[in-house]
Structure formats: structure tokens, C-alpha cells
1. Any residue in segment 3-19 that is in a helix (DSSP H, G or I) sitting within a Cβ distance under 9 Å of a residue that is not aliphatic (A, V, I, L, M)? List the pairs, counting only those 6 or more apart or interchain.
2. As an exercise: evaluate Ile12 against (1) modelled with pLDDT of 80 or more; (2) in contact with a Pro (Cβ under 9 Å, 6 or more places away or on another chain) and give the number of the one condition it does not meet.
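The values are calculated or read from the model by the stated rules, or taken from the named source; none is laboratory data. Just so it is clear, the model here is predicted, and its values are computed rather than measured. Heads up, the Cβs are rebuilt from the backbone with ideal geometry, glycines too, and the neighbour counts pull from every protein chain shown.
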Amino acid sequence: MDLFSPRHLLIILVVVLLVFGTKKLRNIGSDLGAAVRGFKKGMSDGEQDDQAQAAQAAQKQLPPAGTPAAPPSGARDAEFHDTPPAPGARQDDRRA
């Protein structure tokens, strides 16, 4: 015999109706529905907030359109410098 057969579920439903009454069950059902709706709304609001924050972060990282990106202050390209080779140093010993 199955534990949750339709006959068992019907008996459980009748017992619950007798114990709590229809008015109390209706209130419990509406409260449960409101809680589920509130949870879903909170989840969708949280996702929208996350997407908005990600879009703002992406715009902060990108320079405005049409503006060339400036190198950071003090940054210098190590491969292209104008210092002469050290006296007595061979070409093979120089490293960039």
C-alpha cells in the first residue's frame, strides 16, 4: 500500500478541515500566498539591483567614447627608453 495514495490524502484533508475549520485554512492559504509573492518580488528586485550595479561598474571602468585612454601617471614603456648603454657593456648583456 502506498503511503501517499489519493485515499490517504483525502482522509488527511478531512481531518485537517475538522481540526482547523475552513476560515482558518483560508487565512493560512492567503498568508502563505502573500509570503511566496513577497519572496519572488524580493528575488526579482535583488536581481535588478545586481544588474544595475554591474552596469554602473562597467561604465566606470570604460573611458568615455571618443576619448583616447591616457596611460597611468608615471607609467613608462620598459622596451622603448632613451638611455644609452652602459660603458663597457656588450650588446648581449643589455636587458630591457
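1. His8/Asp2
2. The one condition Ile12 does not meet is (2).
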